[in-house]
Structures are given as C-alpha cells and as structure tokens.
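Visitor: Below is one structure. I have some questions about it.
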Amino acid sequence: MRRRSLLPLLLFSLTLCAQAGCPLRGQLQRILQKAKAQVGVAVIIDGKDTLTFHNEARYPLMSVMKFHQALAVAHHLEQHHLPLSAPVRIEEQELLPGTYSPLRDRYPKGGITLSVGELLAYTLQQSDNNACDILFNYIGGTSVADRYIRSLGVDSFAISATEDDMHRHPEQCYANWSSPLATACLMDRLAAGTLPIDTSYTRFIHKTLLGCQTGKERLPAPLQGTQARIGHKTGTSGQNGKGEWTAINDAGFVLLPDGRRYAIAVFVMHAQTSLQEAEKIIADISAMVYRHLAGNTCNFLPASGATCQQIPYICHELQTKAL
C-alpha cells in the first residue's frame, strides 16, 4: 500500500486576489454584503492560489466536522493495521433518540455489526449523528480527532464536542469550529492525495464524499448539468433563541473536466433568514467561483499584481483581513 508524504510547508506562500482588477473578488464581496449573516469563504485552486473572505472568525462546524473525524478514523485504522471492513458492534443504547440518524431508523433495536467503512458512509453521505458518536467512541474520543488534525499542520480549528454533547447542550455547537481556510486546506489535500494516510483509506473517503446526499441546494446546486464533480460535507444547525441559524455550512472539492481542481468552504453563521435563503448564499458563491474557473481565465492574482502564476500555500492559518 502506498503512502503519501505531507504537503511541504513552504515559507512565504500566500496568494491573494488583488483588490483591483479582480472581478471574482468584487462579485463575491457583493454577495456577502447583501447576506443577513456572517459568511466566511475560502477557495484554493490547484493547491496554490488562495482567496479568503472573513476568515478570522470561529465558525461552528456542525456536521462538517464529520469530515475531520473521517480522517482521524482513517489514521486510527492505519495505525492499528485494520481494514475499512473492520467490524463495529452497535447496541440499542448507542442509537440515541431525538437526533438525526438514518442508522437508528434502519436498525432501531441495535444488536448489529457494521464495518467502519459502512459507518463512515453513514456519517459522510447522510450526516448520521449516532454513527458519528459511535466512531468517536471507536477511536477514543473527540480529543483523538483534534490531535490528529493538528498533527497535519492545520490549526485555527477545534473539535471537542460529540453530536450528543451538542444535542444536550446547544451552546456546545461552538466547541467544534474552524476557519474556512483550515477546512478548505484539508479538502484540497484530500483531493490532491497529499495526506499522510494510506491511499486505500483516503480514496475511500474521497469517493464517499463524491456520493454525498445532503445539501444538494448548496455547493453542488450550480454544478448540476456540468461535467464538474463535487465531493463535499455539509453542516446544519437548528435556530437559536433569536431565530438565527447558528451555522449553515458546506465544504468540499470540485474536480473540473480539464483536470484542474479547487477546494471551497462556505460557512454561514448566525443567518437571519430562512434555511433556503442561507443555502442560496452558498449556492451563489459556488456558482460565481465555478463560472470564473470554468472560463479558464486568470481571476486570482497575487497581491503584488503580478500575472497569474502558481504559488504554493501553507496549511497554517493565513493572515488575511476581513473585508
């Protein structure tokens, strides 16, 4: 089995879209100015050119953290020399009521054994909350997932609450957070195949995300009918006491038919809108990015104003200013 090395963390590596002469930056900024929410955006093109908006805030991940968890699960399997077919016993008491769980709906009495791969399909494609907590128990808890993601050189995130924690105490939604760029970085490294996990696991996660069944009106919406393929993971909260949606999120990677790729994360926090309107913000941003990149034009320019070029990025938090 083949193992990929870590993406090199190079010294100065930030490519930002210039303030002037960048139509995409201006168009995205107009979308954000109209949004009745705080919206964070990160886009990474081919692992090199990077654009962010409002990247400094701590955005609640909600179920996007199931992607982070999946990487930690893959690392756990590799460390223990276990296949994706490794069995996990699931009892009725682990299938908690009152939370979103297609797994519980299918096996309400428990007493079953599923493979780790099957549980990952439930978490990544259907965002199953019980399957998520079963996997946290399997690897040793949220701290194990947090520690592994940090070992990849990614910061500006935290994972410390289970789905049950957030269900019992809604304020715990803020305990799992990320900057848009930190999550986009992980998505890009998955798409590029540069994560330090055996590819038998990362290819499975990659393929599983391509089959995501949630959030079809978010990042995937403008890609329908095109030849682009998207793998993504959504996150959705309930509404707080003010009637705001705590977080409506989507993050993923897009594979273009000409071989290029980009990673994108759009986090919508404290939206004072309907769920459909919050999802439309994500879809509009997705449409704008795809439209520019599909046109094969150079829309991301280094801050120096130089012509389009390939400048590597680092996976540590980049010092970008909110607009």
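Every number here is computed from the coordinates shown, using simple stated rules; none is lab data. Note that the structure is predicted; figures quoted are calculated from it, not measured. No Cβ is skipped: glycine too gets one built from the backbone with ideal geometry, and neighbour counts run over all protein chains shown.
Visitor: Scan the range 47-64 and report the pairs whose first residue is under 21 Å from LEU24 (Cβ atoms) and whose second residue is crowded, with 22+ Cβ neighbours inside 10 Å and of a type in the set (Asp, Glu), with Cβ atoms within less than 9 Å and a gap of 6+ or a chain change.
Guide: Going by the 9 Å Cβ cut-off, the qualifying pairs are GLY47/ASP188.
Visitor: Please enumerate the residues belonging to the range 224-248 that are among the small types (Gly, Ala, Ser) and surrounded by fewer than 17 Cβ atoms within 10 Å (Cβ to Cβ).
Guide: Passing the criteria: GLY225, GLY238, GLY241, GLY243.
Visitor: Would you tally the residues in the range 119-157 being in contact with a Ser or Thr (Cβ under 8 Å, 6 or more places away or on another chain) and among the aliphatic types (A, V, I, L, M)?
Guide: The qualifying residues number 5.
Visitor: Something else: I'd like the full set of residues that are in contact with a strand residue (DSSP E or B) (Cβ under 7 Å, 6 or more places away or on another chain), among the small types (Gly, Ala, Ser) and assigned to a helix (DSSP H, G or I), limited to the range 165-210.
Guide: Hits for the range 165-210 are ALA175, ALA182, ALA184, ALA191.
Visitor: Also: Mind checking which helices (runs of 4 or more DSSP H) fall wholly inside the range 78-155 and carry at least 3 residues that are buried (at least 16 other Cβ atoms within 10 Å of the Cβ) and among the hydrophobic types (A, V, I, L, M, F, W, C)?
Guide: 116-126, 129-139, 142-151
Visitor: Also, quick follow-up: Which numbered condition in (1) farther than 26 Å from TYR122 by Cβ; (2) touching a residue at least 60 places away in the same chain (Cβ under 8 Å) is the only one that ASP258 fails?
Guide: Going through (1) farther than 26 Å from TYR122 by Cβ; (2) touching a residue at least 60 places away in the same chain (Cβ under 8 Å) one by one, ASP258 breaks only (2).
Visitor: Across the range 194-223, which residue is farthest from the chain's Cα centre (by Cα) among those that are surrounded by fewer than 16 Cβ atoms within 10 Å (Cβ to Cβ) and among the small types (Gly, Ala, Ser)?
Guide: It comes out as SER200.
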